[in-house]
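Okay, so here's the structure we're looking at.
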Amino acid sequence: AGGSRLLDRIRKWYYNAAGFNKLGLMRDDTLHEDDDVKEALKRLPEHLYNERVFRIKRALDLSLKHQILPKDQWVKYEEDHRYLEPYLKEVIRERHEREAWNKK
């Protein structure tokens, strides 16, 4: 139990040290957009996609101005959810299936 609490504290520290949350971004907003991620983004419900676009545009604007959000608007570790992960897992599973089928 003690080791998992230490690991959780390290994760939270690293999350905050990365800095993207200070711009209002979530972890999935920072993924490298390879073909799998691009396909997963196409499958997002419209409201999730629009929220992502808003966060990215706001972060770009803040970055250009060399500013960060007020601390009460930072994305907290506990509030960050992997909204893209289920779609990405499905895309990767389908790609692996296609690749296995094509090998036959």
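Remarks
- Nearest 10 degrees, 0 to 90: helix 46-64 Cα axis against the chain principal axis: 50 degrees
- Principal-axis tilt of helix 85-103 within the chain, Cα atoms, nearest 10 degrees: 30 degrees
- Only DSSP H runs of four or more residues enter the estimate; each adds -39500 (n - 2.57), and after division by the residues of the chain the mean residue ellipticity at 222 nm equals -20500 deg cm²/dmol.
- Helix 2-18 axis, angle to the chain major axis (alpha carbon atoms, nearest 10°): 80 degrees
- Exposure of ILE68 as accessible area (Å², to 10), given a probe of 1.4 Å and all protein chains: 90 Å²
- Listed residue pairs exceeding 22 Å between alpha carbons, taken from LYS12/LYS71; LYS42/LYS89; LYS12/LYS65; LYS12/LYS42: LYS12/LYS65; LYS12/LYS42
- Sparse-neighbour loop sites [GluC sites (Glu not before Pro); the range 1-88; at most 10 other C-beta within 10 Å; DSSP]: GLU33, GLU78, GLU79
- Taken about its Cα centre, the chain carries a charge dipole of about 280 debye when Lys and Arg each add +1 at the Cβ and Asp and Glu each add -1 at the Cβ.
- With all protein chains kept in place, the per residue accessible area of the chain amounts to 75 square angstrom at a probe of 1.4 angstrom.
- With K and R counted +1 and D and E -1, the other residues having a Cβ less than 14 Å from that of GLU99 yield a net charge of +1.
- For LEU62, neighbours were defined as the other residues whose beta-carbon sits under 14 Å from its Cβ, and their charges (Lys and Arg +1, Asp and Glu -1) total +4.
- Summing charges over neighbours of ASN16, with a neighbour being any other residue whose Cβ is under 14 Å away from its Cβ, gives +3 when K and R count +1 and D and E count -1.
- Taking only protein heavy atoms and a 1.4 Å probe, the accessible area of the chain is 55% carbon and sulfur.
The values are calculated or read from the model by the stated rules, or taken from the named source; none is laboratory data. All values derive from a computational prediction rather than experimental measurement. Reconstructed Cβ throughout: ideal geometry from the backbone, glycine too, with neighbour counts over all protein chains shown. Ligands, DNA and RNA are excluded from the accessible area calculation, which covers all protein heavy atoms including side chains. Shrake-Rupley method; radii C 1.70, N 1.55, O 1.52, S 1.80 Å.
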